[in-house]
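S.K.: Sharing a structure with you now.
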Amino acid sequence: MEAIAAVRLLEETARVAPVAPTGLARLHDAHALLGEDIARVEASLLAATADGCSPATDAAAHLLTSGGKRVRPLCVLLGALACGRITDEARALAAVAEMIHLATLLHDDVIDDADERRGRPAAGRVFGNAVSVLAGDSLLVHALERTSRVERPETLRELFATLRRLVDGEVIQLRGRTRLDATEETYASILDGKTASLFRWALRAGARAGGGSTADIDALGAFGGHLGVAFQLVDDALDYTGGQLGKDLHADLREGKVTLPLILAAQREPDLYEALERVRAGAPRPGEHERLVAAGARAAGEVRERAWAESRRALDELTAVVDSPARALLGAVARELVGRLS
């Protein structure tokens, strides 16, 4: 039944998605269309990771060169192109979006005491946690410096607000490790702060750099917010069903993070709350860890449907933007990122 529901949701999404007149319809096509721009952003990122003191620069480069889809820089560039053209400002801000993301990953891996990131040892394991934190701080400084140079007060002001949301989201999540809060409201606050806020900023910054109107900026920002929510819902479901390259299965549960699959499972089986408390305290009864994993996996189907619903909302926002290959590729990004669950 879950497979049938997923197919229906995919068909419905396809009906409302923008169609590219050029036939561009995949994330790969976005990389192909923006190849030169992506290369320039990548060179800028490499330069930023080398600008500073070793070993912090080495830790930043270690993470940068471990791969990644570069979705956030793509969003900035496509947002600019959908509103006009890709400028030097858009390229600079695309690099900023990835620097912020990399900085949060470096910090998150220290907070989570992570062993691995993107299939390689986490920077903290190679260079030490203190160095990893400072590497993230250095990238944040580079990001703020570069944003200030484009002389867009609105974009810089929105970046400060986004950084506040990122920090608040992390604090709320960290607070949940000592006091169980398995509510959808708290989860939504974490999700918006830690993931959706940066996607929203990336699309707004790109649209503004490309010469978009206020309506364009607002529509693309809303698209980015829904895309970020969908993206994180998929990641949280994959933690229970498998398929995340470079991340251990069930890592969220081991790190004490209560994500939507477990929240929904506990709503259906209230006695899971006690089991969850014991697992988080490191004193599970026999079989309780396995029971929570199985319950999270069973709830992944509903999380999948919610991810597709967020993708549809994102695609609906795109209809306010003039049709173009760039708009269609933004739709393709939304569909493909959620399609990782299929």
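S.K.: Give me log10 I(q)/I(0) at q = 0.16, 0.23, 0.29, 0.30 Å⁻¹ for segment 134-174, Debye formula, one equal scatterer per alpha-carbon, no solvent.
M.R.: -0.46, -0.81, -0.98, -1.00
S.K.: Something else: Shape of segment 16-118 from its Cα gyration tensor (a ≥ b ≥ c, root eigenvalues): rounded if a/c is under 1.5, otherwise prolate when a/b > b/c, or oblate? Intermediate results must be reported in sequence, preceding the final value.
M.R.: Working: a/c = 2.59, a/b = 1.77, b/c = 1.46.
The shape class here is prolate.
S.K.: Step by step: find N for segment 154-228, compute 2.2 N^0.38 Å, then divide the Cα radius of gyration by it. What's the final number? Can you show the working numbers first?
M.R.: Working: Rg = 14.0 Å, N = 75, 2.2 N^0.38 = 11.3 Å.
Compared with the compact-globule rule of thumb, segment 154-228 sits at 1.23.
S.K.: To continue, here is another question. Place +1 on the Cβ of every Lys and Arg and -1 on the Cβ of every Asp and Glu in segment 216-302, take the dipole about the Cα centre, and give the residue among Leu253, Gln232, Ala222 whose Cα lies farthest towards its positive end.
M.R.: Ranked along the dipole, the leading option is Leu253.
S.K.: For segment 192-341, compute Rh as the Kirkwood radius over C-alpha pairs and then the Stokes-Einstein diffusion coefficient at 4 °C and 1.567 mPa s; write the answer in µm²/s, rounded to an integer. Don't skip to the answer; put the middle values down first.
M.R.: Details: Rh = 16.6 Å.
Diffusion coefficient, whole number: 78 µm²/s.
S.K.: Here is a further query. About the Cα centre, and with charges only on the beta carbon of Lys, Arg (+1) and Asp, Glu (-1), how big is the dipole of the chain? Nearest 20 debye, please.
M.R.: Using only the charged Cβ atoms, the result is roughly 300 debye.
S.K.: Could you tell me what % of all Cα pairs in segment 264-321 have separations over 13 Å?
M.R.: Here the long-distance tail beyond 13 Å is 67 percent of all Cα pairs in segment 264-321.
S.K.: Let me ask something else. Charges only on Cβ, +1 for Lys and Arg, -1 for Asp and Glu: so what's the dipole of segment 195-327 about the Cα centre, in debye to the nearest 20?
M.R.: Working: 17 positive and 20 negative charges, 32 e Å.
That gives segment 195-327 a dipole magnitude of about 160 debye.
S.K.: Of the candidates Glu185, Glu277, Glu89, which one comes out as most mobile in a Gaussian network treatment of the chain with C-alpha springs shorter than 10 Å?
M.R.: So, out of Glu185, Glu277, Glu89, the one fluctuating most is Glu185.
S.K.: Given an 8 Å cut-off on Cα distances and at least 6 residues of separation, report the relative contact order of the chain as a percent. Working shown, then result.
M.R.: On the way: 530 pairs, mean separation 87.1, N = 342.
In percent, rounded to a whole number, it is 25.
S.K.: In whole Å, what three semi-axes, largest first, describe the equivalent ellipsoid of segment 59-203 built from its Cα gyration tensor (square root of 5 times each eigenvalue)? Walk me through the intermediate numbers first.
M.R.: Numbers: eigenvalues 134, 78, 36 Å².
After scaling each eigenvalue by five and taking roots: 26, 20, 13 Å.
S.K.: For segment 42-94 and segment 129-185, what is the separation of their C-alpha centers, rounded to whole Å?
M.R.: Here the two parts' Cα centres lie 17 Å apart.
S.K.: Sum -39500 (n - 2.57) across every DSSP H segment of at least 4 residues in the chain, then divide by the residue count to get the 222 nm mean residue ellipticity, nearest 500. Provide the component values of the computation, followed by the final result.
M.R.: Working: 17 runs with 249 residues, N = 342.
Mean residue ellipticity, 222 nm, calculated: -23500 deg cm²/dmol.
S.K.: Quick check: the distance between the Cα centres of segment 97-113 and segment 239-318, to the nearest angstrom?
M.R.: Computed from Cα coordinates, the inter-centre distance equals 22 Å.
S.K.: Give me the Å³ per residue figure for the convex hull around the C-alpha atoms of segment 46-86. Working shown, then result.
M.R.: Values: hull volume 2.8 nm³, N = 41.
Considering the Cα atoms of segment 46-86, their hull volume per residue is 68 Å³.
S.K.: How high is the relative contact order of segment 66-115, in percent, counting Cα pairs under 8 Å that sit 6 or more residues apart?
M.R.: 35
S.K.: Let me ask something else about it. Using θ = phi - 60° and the Karplus form 6.51 cos²θ - 1.76 cosθ + 1.60, what ³J(HN,Hα) does each residue of segment 94-110 get, whole Hz, x for Gly and Pro?
M.R.: 5, 5, 4, 4, 6, 4, 4, 4, 4, 4, 5, 5, 4, 5, 4, 5, 6
S.K.: Oh, and also: Among Glu36, Glu170, Glu302, whose mean-square fluctuation peaks in a Gaussian network model of the chain (Cα, cutoff 10 Å)?
M.R.: Highest fluctuation of the listed residues: Glu36.
S.K.: Of Glu158, Glu305, Glu145, which has the largest mean-square fluctuation in a 10 Å C-alpha GNM of the chain?
M.R.: The residue with the greatest mean-square fluctuation here is Glu145.
S.K.: With no solvent and one point on each alpha carbon, what is the Debye value of log10 I(q)/I(0) for the chain at q = 0.14 Å⁻¹?
M.R.: Each listed q maps to, in turn, -1.15.
S.K.: Starting from the eigenvalues of the Cα gyration tensor, five times each then square-rooted, give me the equivalent ellipsoid semi-axes of segment 295-342, largest first, whole Å.
M.R.: Details: eigenvalues 139, 23, 3 Å².
Rounded to whole Å, the semi-axes are 26, 11, 4.
S.K.: Any idea which of Ala30, Ala300, Ala281 is furthest toward the positive side of the dipole for the chain, if Lys and Arg beta-carbons carry +1 and Asp and Glu beta-carbons -1?
M.R.: Ala30
S.K.: Residue by residue through segment 137-153, which ³J(HN,Hα) values in whole Hz follow from phi under the Karplus form 6.51 cos²θ - 1.76 cosθ + 1.60 (θ = phi - 60°), with glycine and proline marked x?
M.R.: Taking θ as phi minus 60°, the curve returns 4, 4, 5, 5, 5, 4, 4, 5, 4, 5, 5, 5, 6, 7, 6, 10, x Hz for segment 137-153.
Coordinate-derived values only; no laboratory data. The model shown is predicted, which means the values in this text are computed figures rather than measured ones. FYI the Cβ positions are ideal-geometry reconstructions off the backbone, even for glycines, and counts take in every protein chain you see.
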